[in-house]
Amino acid sequence: MDTTEERTEEQNLPYSVFAKACPSRATLEHVTGRWGGLTLCALHEGSLRFNELRRRVDGVSEKMLSQTLHALERDGLVLREAQPTNPPRVDYELTPLGRDVAEHLKVLVDFMESRMDDVLAARTRYDETRDGR
């Protein structure tokens, strides 16, 4: 099947992330993967240059950040804007769709941060029961 036929088939599917061929599954993976989610949340704070973004998303390699930004740009969530300066300057910011997605992610991030004491206590209980066997 050529690319045009694949796109037509994708557009005619009922969108369900549970369906193997659904295009929403790949986008969900881009958004909820470790680097995608952190990148979107970092850009929710405002436009950033590549190295600013890399410093903000502690632990991401240059290669992974570049791949993440390409995937998010392709999905229409991030806008890459090259400035005609010397040296060249590239800024990344959220599109309106990306902002909507980031706002939902931010709610989840805030919730998880507020419940980390409960998560850590659960981990301790789990580890104690596993070690006690």
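Taking 0.36 nm per residue of separation and subtracting the Cα-Cα distance, full extension of the segment from Leu97 to Asp117 would add 4.0 nm. Net length available on complete extension from Leu28 to Lys106 is 26.6 nm, with 0.36 nm assigned per residue and the Cα-Cα distance removed. Sorting Leu43, Leu28 on solvent-accessible area from highest to lowest, probe radius 1.4 Å, gives Leu28, Leu43. About the centre of its Cα atoms, the range 65-104 shows a dipole size close to 160 debye [charges on the beta carbon of Lys, Arg (+1) and Asp, Glu (-1) only; nearest 20 debye]. In terms of the Cα gyration tensor, with a ≥ b ≥ c the square roots of its eigenvalues, is the range 22-133 rounded because a/c is under 1.5, prolate because a/b exceeds b/c, or oblate? Prolate. Quick one: if the Förster radius is 22 Å, what FRET efficiency do Arg80 and Arg55 give, using the C-beta to C-beta distance and rounding to 0.05? E(calc), rounded to 0.05, equals 0.75.
The values are calculated or read from the model by the stated rules, or taken from the named source; none is laboratory data. The shown structure was predicted, so the numbers you read here are calculated from the model rather than taken from an experiment. Quick reminder, even Gly has a Cβ in these numbers, built from the backbone with ideal geometry, and neighbours come from all protein chains shown. SASA here: full protein model, heavy atoms, side chains in, ligands and nucleic acids out. Shrake-Rupley method; radii C 1.70, N 1.55, O 1.52, S 1.80 Å.
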